[in-house]
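FYI, it's all coordinate maths here, none of it is from the lab. Being a predicted model, the structure only gives us computed values, none of them experimental. Here Cβ is always computed from backbone atoms with ideal geometry, including for glycine, and neighbour counts include all displayed protein chains.
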Amino acid sequence: MMKPVDLTHASRLVNHGPTVLVTSVHGARRNVMAAAWSMPVEFTPPRIAVVIDKRTFTCELVLASGAFGICIPGASLADLTWTVGSESGRELAQEGTDKLARHGIAFEPGPVLGQPLVQGAIAWLECRRIPEPHSEQAYDTFFGEVVSAFADERVFSAGRWLLDAFDEGSNADLHTLHHLGSGNFAVASRVLRAKLLK
Ligand SMILES: Cc1cc2nc3c(=O)[nH]c(=O)nc-3n(C[C@H](O)[C@H](O)[C@H](O)COP(=O)(O)O)c2cc1C
C-alpha cells in the first residue's frame with residue numbers, strides 16, 4: 001500500500017499542514033514525537049522545516065545523527081499522536097526502552113537513512129538534516145532535505161491527496177490530522193476546487 005512518491009511531489013505531503021510524527025535514531029536509541037509545526041520550504045531539491053524544541057529528546061538524537069523521519073498519521077492514529085507528543089523518550093531511554101516499544105508502535109527502517117518509519121502512518125519522508133545552527137538554536141527550527149518519500153496510495157496518488165468527503169466514508173481513517181490544541185484535532189475531509197476570479 002505504501003508507494004514511493006516522486007521527490008518532486010514530496011512537498012505536497014506536508015503542504016496542507018498536517019500534524020506529523022518526527023522520528024529519530026542514533027545508535028541503539030530511537031524516538032518519536034508529535035509536531036504540528038512543519039512546512040515545505042523548497043520544491044527542488046525538496047526541503048522542509050520543522051520546529052523541534054531544543055529540550056526534546058528528539059532534538060538530541062537529530063543533532064547526533066544528522067537525520068530525522070517524518071511520518072504523517074491518519075485519523076486512526078490520533079491517540080498515538082497525542083500520546084507520543086505528551087511524554088518524552090529521554091527518561092525511557094535511561095530505563096533502556098523507548099516510546100515505540102512502550103506503545104507497541106511497529107516501524108521499519110527507512111531505505112536511505114534508516115529512520116524509523118511508523119507502520120500505519122499514511123506517508124513517510126526521510127530527511128537529511130541541513131545544518132543551520134542559528135535557526136536551530138534561536139528558533140528550534142530544523143531544515144531537512146527529503147531523500148525518500150512514500151505514501152499510502154489509497155489517500156495519495158499521482159502527486160495528490162485523495163480526501164473523499166467523510167460521509168462518503170471510503171478512506172476516512174486515513175485523512176490527515178490538524179492540531180487545534182489540547183488533544184483536539186480537525187481532520188481534513190473535503191477538497192474544494194478553486195476557480196480564478198475574472
Ligand atoms: C499535537 C502535538 C503537536 C506538537 N507539535 C510540536 C512541534 O511542532 N514542535 C515541538 O517541538 N514540539 C511539539 N509538540 C510537543 C512534543 O511532541 C513533546 O514535547 C514531546 O514530548 C517530545 O518528545 P521527546 O522528548 O521524546 O522528543 C507537540 C505535541 C503534540 C501533542
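Cβ under 15 Å from V147's Cβ, V147 left aside: what net charge do those residues give with Lys, Arg +1 and Asp, Glu -1?
On the way: positive: R47, R128, R129; negative: D6, E42, E126, E145.
Here the count lands on -1.
A simple packing score, the average count of other Cβ atoms within 10 Å per residue, orders the peptides 100-107, 143-150, 131-138, 10-17 as 143-150, 10-17, 100-107, 131-138, with the highest score first.
Based on the reciprocal of the average 1/r between different C-alpha atoms, the Kirkwood radius for region 122-174 equals 13.5 Å.
Report the local net charge at Q137: Lys and Arg +1, Asp and Glu -1, summed over other residues whose C-beta lies under 13 Å from its C-beta. Don't jump to the answer; show the numbers that get you there.
Working: positive: K54, R55; negative: D53, E132, E136, D140.
That works out to -2.
Annotation: lysines with alpha-carbon distance below 19 angstrom to K54 (same-chain offsets under eight excluded): K99.
The Rg/Rh ratio for the chain is 0.96, where Rg is the radius of gyration of the alpha carbons and Rh is the Kirkwood radius.
Every helix of 4 or more DSSP H residues in the chain counts as -39500 (n - 2.57), and over all residues that averages to -4000 deg cm²/dmol at 222 nm.
Between Q137 and E108, the simple spin-label model (points 7 angstrom out along Cα→Cβ) gives 4.1 nm. Across region 1-58 the C-alpha pair distances fall into 10 Å bins from zero in the proportions 20, 43, 33, 3 percent. Taking Cβ atoms as reference points and 13 Å as the exclusive limit, the residues near S65 contribute a net charge of +2, counting Lys and Arg as +1 and Asp and Glu as -1.
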